[in-house]
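In what follows, a single structure is set out as structure tokens and then discussed.
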Amino acid sequence: MMKIAVWDTYVQRNDGIIMHFDILVPDSITDQDMVFKFGENYLDTKPFKTEKITTNECRLCHIEQATPEMINDIHIKGYSIIEMENC
């Protein structure tokens, strides 16, 4: 089983609403700039603009076991996203 690092992320949309999502990466990835880049890649898929991701909005939360869906996303994109609020 793969262990993943969960990065708890909050980003303000251009309409003032706060998005909440988790960026999931293999626990071997510790470079926060790489995690932020994955988050920016995800945000680029949205039809609205957002603020940039920084350490104020994105922090390592915990390590957990990856599900098969998360593992598949990581093999394809290098990361997985769990959308929580206003995504």
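A run of the chain free of exposed loop cleavage sites, with trypsin sites (Lys or Arg not before Pro) counted only in DSSP states other than H, G, I, E and B and at most 12 other beta carbons within 10 Å, reaches its longest extent at 1-48.
For the stretch 14-26, 3J(HN,Hα) computed residue by residue from phi via the Karplus equation (6.51, -1.76, 1.60; θ = phi - 60°) reads 5, 8, x, 6, 8, 8, 10, 8, 10, 9, 10, 9, x Hz, glycine and proline entered as x. The fraction of accessible area contributed by carbon and sulfur in the stretch 1-64 is 50 percent, rounded to a whole number (1.4 Å probe; ligands and nucleic acids excluded). Loop-located GluC sites (Glu not before Pro) in the chain (DSSP state other than H, G, I, E, B) with a sparse environment of at most 15 neighbouring Cβ atoms within 10 Å: Glu51. Of the chymotrypsin sites (Phe, Trp or Tyr not before Pro) in the stretch 1-66, the ones in a loop by DSSP (not H, G, I, E or B) with at most 14 other beta carbons within 10 Å are Phe48. Pair-distance distribution P(r) for the stretch 26-80, from all Cα-Cα distances in 10 Å bins starting at 0: 21, 51, 27, 1 percent. At 222 nm, what helix-only mean residue ellipticity would the chain give, in deg cm²/dmol to the nearest 500, using -39500 (n - 2.57) for each DSSP H run of four or more? Theoretical 222 nm ellipticity from helices: -7500 deg cm²/dmol.
Within a straight-line Cα-Cα reach of under 17 Å, Lys49 can be paired with the following lysines, leaving aside sequence neighbours fewer than 8 residues apart in one chain: Lys37.
Straight-line cross-link reach from Lys77 at under 18 Å between alpha-carbon atoms covers these aspartates and glutamates, not counting any fewer than eight positions away in the same chain: Asp22, Asp27, Asp31, Asp33, Glu40, Asp44, Glu69.
The angle between the Cα long axis of helix 32-43 and the longest principal axis of the Cα atoms of the chain comes to about 60 degrees, rounded to the nearest 10.
In the chain, Cα pairs under 8 Å separated by at least six residues give a relative contact order of 45 percent.
If only the Cβ of Lys and Arg carry +1 and only the Cβ of Asp and Glu carry -1, the dipole of the stretch 37-87 around its Cα centre is close to 200 debye.
Across the stretch 35-73, the residues whose backbone nitrogen lies under 17 Å from the label position 7 Å along the beta-carbon direction of His20 are 56-62. Relative to the first principal axis of the alpha-carbon coordinates of the chain, what is the inclination of helix 68-77, with its axis defined by its Cα atoms, in degrees from 0 to 90 and to the nearest 10? For 68-77 against the chain, the angle is about 70 degrees.
Net length available on complete extension from Phe48 to Ile29 is 4.0 nm, with 0.36 nm assigned per residue and the Cα-Cα distance removed.
The values are calculated or read from the model by the stated rules, or taken from the named source; none is laboratory data. Since this is a predicted model, take the numbers as computed values, not measurements. Ideal geometry is used to build each Cβ from the backbone, glycine not excepted, and the neighbour counts take in all protein chains shown. When the accessible area is computed, the model is the full protein with side chains, heavy atoms only, and any ligands, DNA or RNA have been set aside. Shrake-Rupley method; radii C 1.70, N 1.55, O 1.52, S 1.80 Å.
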